[in-house]
Amino acid sequence: MAFNEVLYKEIMEELDISKEFITDVAGAFRWDLEQGLKKSEYSSLPMLPSFIGLPAGNEKGEYLAVDFGGTNVRASVVRLMGNSTFEVLRWVEKPLVTAEYNLINSSASSDDLFNFLAEAVGEAVEGDREKPYFLGHTFSFGTEQKDINHAMLIKWAKEFAVPGVEGEDINALLEKALIRKGFGNIKPVAILNDTVAVLLASAYNYPDTRIGCIYATGYNTCYMEVMPDVGRPACIINMESGAFSKMIPSKWDLELDRASEQPGRQRLEKMVSGKYIGELFSRLTKELLDLSQKPSFSTVDMSAIMENSSEAVKIFVDTLGNVAEDEEIIEKLRNLAKAITIRSARIVAASWAGTLWHIAGSGRVEPQHIAVDGSLFQHMPYVQENVRRALYEIMGAEAGGLEPVLVKDGSSIGAAIAAAVATCR
């Protein structure tokens, strides 16, 4: 099978982004962030206020959490015990799509969907219709938020198409469903983005946490904004950082963007997130091998290809056929997957550095934890070490005080903490 050596060299040089490149990205990200706070038309970052601050760590009580961001809905009862400790008492997870029903497409009604959520919450409290509960709701779709408990869905994503929800107050719909199902004792009091939930969950354990990040199928970051002169409340800001566009993409990034569902949007996300880096690897493999059809590699495939040479052979045999007979080609494709992954990690680190510089202002970046949830950060080879290496390249000695920490189940724990913070103010 032919392999384009000249193109391979060009691609690898393009993916090998320098210290100067990521330092420039960090500076541009800070500029965009600060322009976004001023609502400048020149910013590509939405900078959405969440209307909630960080927990004190001493919050106590039993709270309900709903995590609604995909085709599985999770409801849980979380006991906050103060002293930065908590335990999950009960956990219910239910699919929205089965062979018997589909609650994400246009065949379902708004009442069908929210009745289903209310039933999941009812299972989590074991049918208790007497004990008062406050509920926090992690809702991972684009919303226009008015305060901590009121957010209107702007537009469905992720193949959701249930009518009667766009433009509506999400927690109001949930509360009506809870009442219909006899759970008037359960009061939704907070709605938040999953990135904000991850920051809250980490900050409850590590009070020095100021940045929360989702690094998985998608990419987003939030941080705690305390500046009084930006025309926004002192609260956690959901940056929607995947929208950052002040970075020079390669011609292959531009081709991927043009073929995407939303050309011209989510430029940073398309260079770093799990939804897109597998697609980029697939496109580049097609060009390098001059294939008639584009293969389909996922980030799970990429992870296995990088981790294990024999597994790489198996994946390439299944996907590409006789390419597996050439060990040199296999090794070059493994290096390509690694280069795409490392570039992703370095760009992510640059977005964190720009945020940290903003938080520090004219002062020094203080030692702190950085909360991260997501499959790429948790499982992808080369990601964690290259995020850290890039932070040192950009920030020097100040990076020594930074500690990225994996926050598992942050969407649920953070929702419960949001309910506590919202009712303890």
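So which residues in region 69-102 are among the hydrophobic types (A, V, I, L, M, F, W, C), touching an Asp or Glu at 6+ places or on another chain (Cβ under 6 Å) and part of a loop (DSSP other than H, G, I, E, B)?
The answer is none; no residue qualifies.
Looking only at residues in region 279-313 that are in contact (Cβ under 8 Å) with a residue 40 or more places away in the chain and hydroxyl-bearing (Ser, Thr, Tyr), which one is nearest to Tyr8 (Cα to Cα)?
The selected residue is Thr285.
Which condition breaks for Phe377 when tested against (1) in contact with a Leu (Cβ under 7 Å, 6 or more places away or on another chain); (2) surrounded by fewer than 18 Cβ atoms within 10 Å (Cβ to Cβ)?
Here Phe377 clears every test but (2).
Is it the case that Ile277 is open to solvent by 70 Å² or more (accessible area, probe 1.4 Å) and not charged (D, E, K, R)?
No: the conditions fail for Ile277.
What's the number of the only condition in (1) open to solvent by less than 20 Å² (accessible area, probe 1.4 Å); (2) of a type in the set (D, E, K, R); (3) modelled with pLDDT under 95 that Asp32 fails to meet?
It fails just one condition, (3).
Which ones in region 117-175 are more than 23 Å from Leu48 (Cβ to Cβ), open to solvent by less than 80 Å² (accessible area, probe 1.4 Å), in a helix (DSSP H, G or I) and of a type in the set (Asp, Glu)?
Selection gives Glu119 alone.
Can you find even one residue in region 182-189 that is without any contact (Cβ under 8 Å) to a residue 40 or more places away in the chain, open to solvent by less than 60 Å² (accessible area, probe 1.4 Å) and not hydrophobic (A, V, I, L, M, F, W, C)?
For region 182-189, residues without any contact (Cβ under 8 Å) to a residue 40 or more places away in the chain, open to solvent by less than 60 Å² (accessible area, probe 1.4 Å) and not hydrophobic (A, V, I, L, M, F, W, C): absent.
Restricting the first residue to region 373-392 and requiring it to be free of Cβ contacts under 8 Å to residues at least 24 places away in the same chain, which pairs with a second residue that is part of a helix (DSSP H, G or I) meet a Cβ separation below 6 Å and a spacing of at least six or different chains?
Taking only residues 6 or more apart or on different chains, the pairs are Tyr392/Ala399.
Return the residues of region 1-29 that are aliphatic (A, V, I, L, M) and either open to solvent by less than 30 Å² (accessible area, probe 1.4 Å) or in contact (Cβ under 8 Å) with a residue 24 or more places away in the chain (or both); say none if nothing qualifies.
If the condition is that a residue be aliphatic (A, V, I, L, M) and either open to solvent by less than 30 Å² (accessible area, probe 1.4 Å) or in contact (Cβ under 8 Å) with a residue 24 or more places away in the chain (or both), then Met1, Ala2, Leu7, Ile11, Met12, Leu15, Ile17, Ile22, Val25, Ala26, Ala28 are the ones that fit.
For region 31-68, which positions are in a strand (DSSP E or B) and either touching a helix residue (DSSP H, G or I) at 6+ places or on another chain (Cβ under 8 Å) or of a type in the set (Lys, Arg) (or both)?
Those that are in a strand (DSSP E or B) and either touching a helix residue (DSSP H, G or I) at 6+ places or on another chain (Cβ under 8 Å) or of a type in the set (Lys, Arg) (or both): Lys60, Gly61, Tyr63, Leu64, Ala65, Val66, Asp67, Phe68.
The values are calculated or read from the model by the stated rules, or taken from the named source; none is laboratory data. Since this is a predicted model, take the numbers as computed values, not measurements. As a convention, Cβ positions derive from the backbone with ideal geometry for all residues, glycine included, and neighbour counts pool all protein chains shown. With ligands, DNA and RNA removed, areas are computed over all heavy atoms of the protein, side chains included. Shrake-Rupley method; radii C 1.70, N 1.55, O 1.52, S 1.80 Å.
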